[in-house]
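Engineer: Pasting a structure below so you can have a look.
Values in this text are rule-based calculations from the coordinates and carry no lab data. In this text, all values refer to a predicted model and were calculated from it rather than measured experimentally. With ideal geometry, Cβ positions are generated from the backbone for all residues, glycine too; neighbour counts draw on all protein chains shown.
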Amino acid sequence: MDKYLVAVGALSAIGGTIWWFFRKREVHEVAATVNNDTQSAEVTVNGGYTPNIITLEKDRPAVITFHRKDPSGCFSHVVFPDFGINEALLVGEKHDITIDTSNAGEYTYACGMNMFHGKIIIK
């Protein structure tokens, strides 16, 4: 009987883990705010990225501010592989990242462990 309970508990834990990492996450999309010649957006880092899709205008300087609230190690960095950006994010602090908007397209970013993702769309 004990082996049965252990097996059921282990399968439940495995199922819960798979569900947590591979479930469909909500999509929060925003367009950057434009002020004069620059555009900006703020992303809250708390169990994921909110918003996780940001639309930027091509050829207009852009800054994305990441506000990390989640203390888990996964969110200690944000990585934009297409831009060569790998920046540390400190808990409770805002961190600005300048984005090159000279090329239109879709660009992804992720946490340091590549488990949580976001996207920037440059039009």
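Engineer: Please specify each residue of segment 68-123 satisfying the condition of being within 22 Å of Val34 (Cα to Cα) and small (Gly, Ala, Ser).
Structural biologist: Ser102, Ala104, Gly105, Gly118
Engineer: Restricting attention to segment 48-94, which residues are of a type in the set (Lys, Arg) and out of contact with any Asp or Glu (no Cβ under 8 Å at 6 or more places or on another chain)?
Structural biologist: Hits for segment 48-94 are Lys58, Lys69.
Engineer: Here's another thing I want to ask about it. Which pairs do you get when a residue that is without any contact (Cβ under 8 Å) to a residue 24 or more places away in the chain and more than 13 Å from Leu89 (Cβ to Cβ), found in segment 104-115, comes within reach of a residue that is assigned to a strand (DSSP E or B) and of a type in the set (A, V, I, L, M, F, W, C), reach meaning Cβ atoms under 7 angstrom, with the pair 6+ apart or on two chains?
Structural biologist: As it stands, the answer is Gly105/Ile122; Glu106/Ile121, since those pairs meet every condition given.
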